[in-house]
Amino acid sequence: MLTELYIQNYLFVPQERIEFGPGMTVLTGETGAGKSILVGAIALIFGDNSTALEPYDETKPIYLEATFDISHNSEVQSFLQQQGQEIDSELTLAREIKPAGKSTYFLNGRKVSASLLRELKPLMIDFHHQRDQQRLLSNAYQLQLLDLYAQNSSLKKEYAQIYHSLKSALKELEKLKEEEEKNRQLKELYQYQFNELEKANLKMGEDEELQKEFELLSNAQELIETASSAYFTLYESEDSIHSRLAQVINSLSSYSSIYPRIAPILENLKDCLEQISASASDLNDISQSINLNPQRLQEIQLRLDEINSLLYKHRAKNIAELIELFQQREGQINAMEDLSATIKVLENSIQQDYENLKELGEKLTKSRQKAADSLAKELQENIRLLSIPDALFKINIDKKTIENMLLEQYLSVCSDEGEDNCQFLFSANRGTDLKPLSAVASGGELSRILLAIKKVLSERMEEKLIILDEIDAGIGGKTADYVAQFIYQLAQHHRIICITHLAQIAAIANEQLALQKVPAKHKNVIRIISLEPQQRKQELARMLAGDISEISLKHAEELMTKYK
């Protein structure tokens, strides 16, 4: 996984470029030689700020860069694809820290956020240290380890998606129901108004037409009398205007031939006579055609009263506004009915998802129960190989749910990890009861249990860089041999960087880096040396005896031969 690490101006390292081969690399050196510098540099690249940020030269920036081969880690490739990053088999991550403390992060030469690298960290690196051991005491972490062994990744992902979807759907349902309740009284009002306006069956311009008809019918009698009187005056009476005008025309006609000016006057008068005759005829028609209809007048009066009442009630200026209100209320009622339908559909969907979630939860439980016995057996065998010969190990799976649980209660007792509690039980000594790890395991035992877990799970994990920081604390003798072999087996599936004081662990590694503190003019300098076979033999002798002698060199050579 890790192929190269470049360190510039960090702590006691002015500049170093370290290449890593496959398998297991150990870091060794005297106490205080700075073996944790490499581990600290890697942690800093991934956004860790708990590590020292001291530069070698305070006037210059710290620059740290790590190159990884990610061709066998599909999780990293998938994550980078989701982030819109270009995917290649090689990934270079870097961090520059200015003297003022500001950091800039890079992914393949491009600036990225610190959060992106922090999200990448668990996909690429597995730090095995004291904090990791404490994490092992968490039931949630124990469940994660069991699921990794059971290969429940896709099942858990599907369960988590439905779980979160259900929680979101319930919030949405609650919101919609609150809105529906708020609309309930409004809907009654809107429905009443809609029904009233629908029943009224209003037509555009109807009020204006009715008003005109009302005025006509209201004045019909007077209009008939007036038209009849006018007709009589114009045409029918003995002394009618038509008759008198006709006499005038007859009188003037005899003079038109002797006085030319009379001729046009006669023409105008004849036109007037025709107009009077036509108007009289129209007035007669009017007086004959107008129908006195008190019933129709009453109907119009009632209809106008109804329209005016609706205008007043709804504060409308005209029928157009009433029709617009009618259409508006129709849309609002339909929207409220759509909301009710949406709620019904959502309720059905939630119920279906709940059934699916319970089914998936049951599958997860069965998978975990099946895997728990197998994993416990493998862990027990491996822990016993690590000099805890009477170790007993068991994994308990307890369901948090019961039959016929209401959805809200189900979601409150479960998590997106499923319906189960997981607990690792351990006993180190014959005759003692199995108890939770947190109650009985010592630090040394936890370290070995965690190592056994990593070994058992190594084939099921994506290829990672595993950093073992002084995992050898408190062990020696035959146990050291077992631990060395465990780490080496782990290195068959992952790249290992191991900081160690034990020669047995150092001897089994594929590569050994020695860190040496060298005095310099202003400040000590750490040199990182990739040891050749002869140098490695001498370093192992120092680790075995504290100094280099014929006996320690011979012992070192035996170790190197033993682990070839």
Selection count, the stretch 426-447, where residues are crowded, with 18+ Cβ neighbours inside 10 Å and under 39 Å from the mean Cα position of the chain (by Cα)
3
With respect to the numbered conditions (1) within 41 Å of the chain's Cα centre (by Cα); (2) outside any loop (DSSP other than H, G, I, E, B), which one is the sole condition not fulfilled by H555?
(1)
Of the residues L379, L406, L325, L364, which is among the aliphatic types (A, V, I, L, M) and surrounded by fewer than 17 Cβ atoms within 10 Å (Cβ to Cβ)?
L406
Test of understanding: among L273, L283, L252, L302, which residue is of a type in the set (A, V, I, L, M, F, W, C) and in contact with a His (Cβ under 9 Å, 6 or more places away or on another chain)?
L273
If the Cβ limit is 9 Å and pairs must be 6+ apart or interchain, which residue in the stretch 144-171 that is on the phi > 0 side of the Ramachandran plot pairs with which residue that is assigned to a helix (DSSP H, G or I) and not β-branched (V, I, T)?
Q151/S367; Q151/A371; Q151/R460
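Let's see how each residue does on (1) surrounded by 13 or more Cβ atoms within 10 Å (Cβ to Cβ); (2) in a helix (DSSP H, G or I):
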{"position": "L166", "(1), (2)": "yes, yes"}
{"position": "R184", "(1), (2)": "no, yes"}
{"position": "K203", "(1), (2)": "no, no"}
{"position": "D207", "(1), (2)": "yes, yes"}
{"position": "F214", "(1), (2)": "yes, yes"}
{"position": "S228", "(1), (2)": "yes, yes"}
{"position": "D239", "(1), (2)": "no, no"}
{"position": "S256", "(1), (2)": "yes, no"}
{"position": "L266", "(1), (2)": "yes, yes"}
So, of the residues in the stretch 63-107 that are hydrophobic (A, V, I, L, M, F, W, C) and in a loop (DSSP other than H, G, I, E, B), which turns out to be nearest to M461 (Cα to Cα)?
I70
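Quick grid of which residues meet (1) at negative phi; (2) in contact with a helix residue (DSSP H, G or I) (Cβ under 9 Å, 6 or more places away or on another chain); (3) small (G, A, S):
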{"site": "P61", "(1), (2), (3)": "yes, no, no"}
{"site": "H72", "(1), (2), (3)": "yes, no, no"}
{"site": "E86", "(1), (2), (3)": "yes, yes, no"}
{"site": "A94", "(1), (2), (3)": "yes, yes, yes"}
{"site": "R110", "(1), (2), (3)": "yes, no, no"}
{"site": "S113", "(1), (2), (3)": "yes, no, yes"}
Being among the β-branched types (V, I, T), surrounded by 15 or more Cβ atoms within 10 Å (Cβ to Cβ), at pLDDT below 80 and within 29 Å of L325 (Cα to Cα) narrows it down to one residue among I286, I300, I224, I290; which is it?
I300
When the residues of the stretch 85-119 are filtered to those that are of a type in the set (S, T, N, Q) and surrounded by 13 or more Cβ atoms within 10 Å (Cβ to Cβ), which remaining residue is nearest to the chain's Cα centre (by Cα)?
Q85
Can you tell me which of L544, L531, L502 is surrounded by 15 or more Cβ atoms within 10 Å (Cβ to Cβ) and more than 28 Å from L385 (Cβ to Cβ)?
L531
Would you check if K157 is within 24 Å of the chain's Cα centre (by Cα), among the basic types (K, R), closer than 26 Å to K399 by Cβ and surrounded by fewer than 16 Cβ atoms within 10 Å (Cβ to Cβ)?
yes
Would you mention how many residues in the stretch 450-482 are within 33 Å of the chain's Cα centre (by Cα) and either more than 20 Å from L143 (Cα to Cα) or not assigned by TED's automatic domain parsing to the domain that holds C498 (or both)?
5
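Do we find that L540 is farther than 22 Å from E4 by Cα and modelled with pLDDT of 85 or more in this structure?
Criteria met by L540.
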Using beta carbons and a limit of 9 Å, which pairs, at least six apart or on different chains, have the first residue in the stretch 277-299 and closer than 17 Å to S229 by Cβ and the second one outside any helix (DSSP H, G or I) and at pLDDT 75 or above?
A280/S240
Identify all residues within the stretch 385-427 that are touching a Phe, Trp or Tyr at 6+ places or on another chain (Cβ under 9 Å) and part of a helix (DSSP H, G or I); write none if there are none.
L385, L407, Y410, L411
With (1) under 24 Å from the mean Cα position of the chain (by Cα); (2) in a loop (DSSP other than H, G, I, E, B) as the list, and P122 as the residue in question, which single condition is left unmet?
(2)
Given (1) over 12 Å from F194 (Cα atoms); (2) surrounded by 14 or more Cβ atoms within 10 Å (Cβ to Cβ); (3) of a type in the set (K, R), K313 misses just (2)
Residue check, Q332 against (1) loosely packed, with under 15 Cβ neighbours inside 10 Å; (2) part of a helix (DSSP H, G or I), all met but one. Which one?
(1)
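Among residues belonging to the stretch 46-102 that are basic (K, R) and in contact (Cβ under 8 Å) with a residue 24 or more places away in the chain, point out the one that is farthest from S115 (Cα to Cα).
Applying the first criterion (basic (K, R)) to the stretch 46-102 yields 60, 95, 98, 102.
Keeping just the survivors that are in contact (Cβ under 8 Å) with a residue 24 or more places away in the chain gives 60, 95, 98.
On the way: K60: 25, R95: 13, K98: 19 Å.
Checked the stretch 46-102; the qualifying residue farthest from S115 (Cα to Cα) is K60.
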Is it true that S115 is over 30 Å from G546 (Cα atoms), assigned to a loop (DSSP other than H, G, I, E, B) and in the same structural domain as L465 (by TED's automatic domain parsing)?
no
Cross-chain or 6+ apart pairs with Cβ under 7 Å, the stretch 530-552 first and among the acidic types (D, E), then surrounded by fewer than 18 Cβ atoms within 10 Å (Cβ to Cβ):
none
Cross-chain or 6+ apart pairs with Cβ under 9 Å, the stretch 3-21 first and under 27 Å from S71 (Cβ atoms) and assigned by TED's automatic domain parsing to the domain that holds K521, then among the small types (G, A, S) and part of a loop (DSSP other than H, G, I, E, B):
T3/G21
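The values are calculated or read from the model by the stated rules, or taken from the named source; none is laboratory data. As the structure is a prediction and not an experimental result, all values here were calculated from the model. In this analysis, Cβ positions are derived from the backbone assuming ideal geometry, glycine residues included, and neighbour counts consider all displayed protein chains.
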